[in-house]
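Before I ask anything, let me first share the structure, which is written out below as structure tokens.
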Amino acid sequence: MDEFELLKQEVETCTKCNLCKTRNKVVFGEGFRNSKIMCIGEGPGYYEDQQGRPFVGKSGQLLDIILDVCGFNRNEHVFIGNIVKCRPPNNRDPLPEERETCIPYLYIQIELIDPKIIILLGATALKGLIDPNAKITKVRGEWLEWQNRLVMPTFHPSALLRNEKLKRPAWEDFKKVVAKYREVINPNHISDYC
Ligand code: URA
């Protein structure tokens, strides 16, 4: 078994925080193992907890549409993970101690996948990975650098579902990701709409 599979096995049997008591399934993350792009969300919701897969509910369907428009998909271009791997009860925000306990798993995932571009979906991902005091409304759409990787913070798809007005700026953010992907990874990348 390789390092990635060993990590998956460890995460899927983790009992380091209280979320293990209420979870149905651990959501390790999914996508192309050697993706150049990694999307990071907050944590599993109801459907993710049922299926053990990230972003499969309504916001996941929107994320898949956005990725598709950009010419990306989970099989070839993107790995999708979360700050916490188990569902917080009633979809509450993950607690600071839950985030702190879980984030080392994300660090190892990033190291093993080795993406050049990281898309942070929403405030929890931004605060968890970059800076607990950062504001998503302030930094979204601006390239950040983290451990020699390019980081694009943008709104969480669930925010786009709640507020239509955020869709336009989020789309601008994803267009920047496509342009950067062409610049640093594949100049021949094809997408239907941008
Ligand atoms: N929202 C997230 O942040 N992550 C998921 O996996 C699903 C919904």
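Determine, yes or no, whether PRO157 is within 16 Å of the ligand (Cβ to nearest atom) and either open to solvent by less than 20 Å² (accessible area, probe 1.4 Å) or hydroxyl-bearing (Ser, Thr, Tyr) (or both).
On the way: within 16 Å of the ligand (Cβ to nearest atom): yes; either open to solvent by less than 20 Å² (accessible area, probe 1.4 Å) or hydroxyl-bearing (Ser, Thr, Tyr) (or both): yes.
Taking the combined requirement at face value, the residue satisfies it.
Search region 104-119 for residues that are within 15 Å of LEU6 (Cα to Cα) and pair each with any residue that is surrounded by fewer than 22 Cβ atoms within 10 Å (Cβ to Cβ) and among the aliphatic types (A, V, I, L, M) when their beta-carbon atoms are under 6 Å apart and the residues are at least 6 apart or on different chains.
Pairs found: TYR105/VAL11; ILE108/LEU7.
Of all residues being open to solvent by less than 10 Å² (accessible area, probe 1.4 Å) and more than 15 Å from the chain's Cα centre (by Cα) in region 50-89, which is farthest from the ligand (Cβ to nearest atom)? Just the residue, please.
Per the stated criteria, the residue is CYS70.
Report every pair of residues separated by at least 6 positions or lying on different chains whose Cβ atoms are under 6 Å apart, first residue within region 39-65 and closer than 15 Å to GLY122 by Cβ and modelled with pLDDT under 95, second among the aliphatic types (A, V, I, L, M) and surrounded by fewer than 19 Cβ atoms within 10 Å (Cβ to Cβ).
That search, which allows pairs on different chains as well, returns nothing.
Taking only region 1-27 into account, find how many residues are in contact with a strand residue (DSSP E or B) (Cβ under 8 Å, 6 or more places away or on another chain) and aromatic (Phe, Trp, Tyr).
Going through region 1-27 one residue at a time, the tally reaches 0.
Just to be sure I understand, how many residues within region 30-44 are under 10 Å from LYS85 (Cβ atoms) and more than 10 Å from the ligand (Cβ to nearest atom)?
Residues that pass the stated criteria total 0.
Do you know which residues across region 132-148 are away from the ligand (no atom under 16 Å from the Cβ), touching a strand residue (DSSP E or B) at 6+ places or on another chain (Cβ under 9 Å) and of a type in the set (D, E, K, R)?
Within region 132-148, GLU142, GLU145 qualify.
Any chance region 8-29 includes a residue that's among the hydroxyl-bearing types (Ser, Thr, Tyr) and near the ligand (Cβ under 9 Å from one of its atoms)?
No: zero hits.
Looking at (1) surrounded by fewer than 19 Cβ atoms within 10 Å (Cβ to Cβ); (2) in a loop (DSSP other than H, G, I, E, B), can you tell me which one LYS165 breaks?
The failed condition is (2).
Only one residue in LEU160, LEU126 is farther than 20 Å from PRO96 by Cβ and either in contact (Cβ under 8 Å) with a residue 12 or more places away in the chain or not in a loop (DSSP other than H, G, I, E, B) (or both). Which one? I'd like the intermediate steps shown before the answer.
Working: LEU126 fails: farther than 20 Å from PRO96 by Cβ.
From the options LEU160, LEU126, the qualifying one is LEU160.
Quick check on region 90-100: of everything there that is under 14 Å from GLY41 (Cα atoms) and surrounded by 18 or more Cβ atoms within 10 Å (Cβ to Cβ), which residue is nearest to the ligand (Cβ to nearest atom)?
Within region 90-100, the match that is nearest to the ligand (Cβ to nearest atom) is PRO94.
The values are calculated or read from the model by the stated rules, or taken from the named source; none is laboratory data. Treat the numbers as computed from the prediction; the structure is a model and nothing was measured. FYI the Cβ positions are ideal-geometry reconstructions off the backbone, even for glycines, and counts take in every protein chain you see. Protein only, heavy atoms only, side chains kept; ligands, DNA and RNA dropped before computing areas. Shrake-Rupley method; radii C 1.70, N 1.55, O 1.52, S 1.80 Å.
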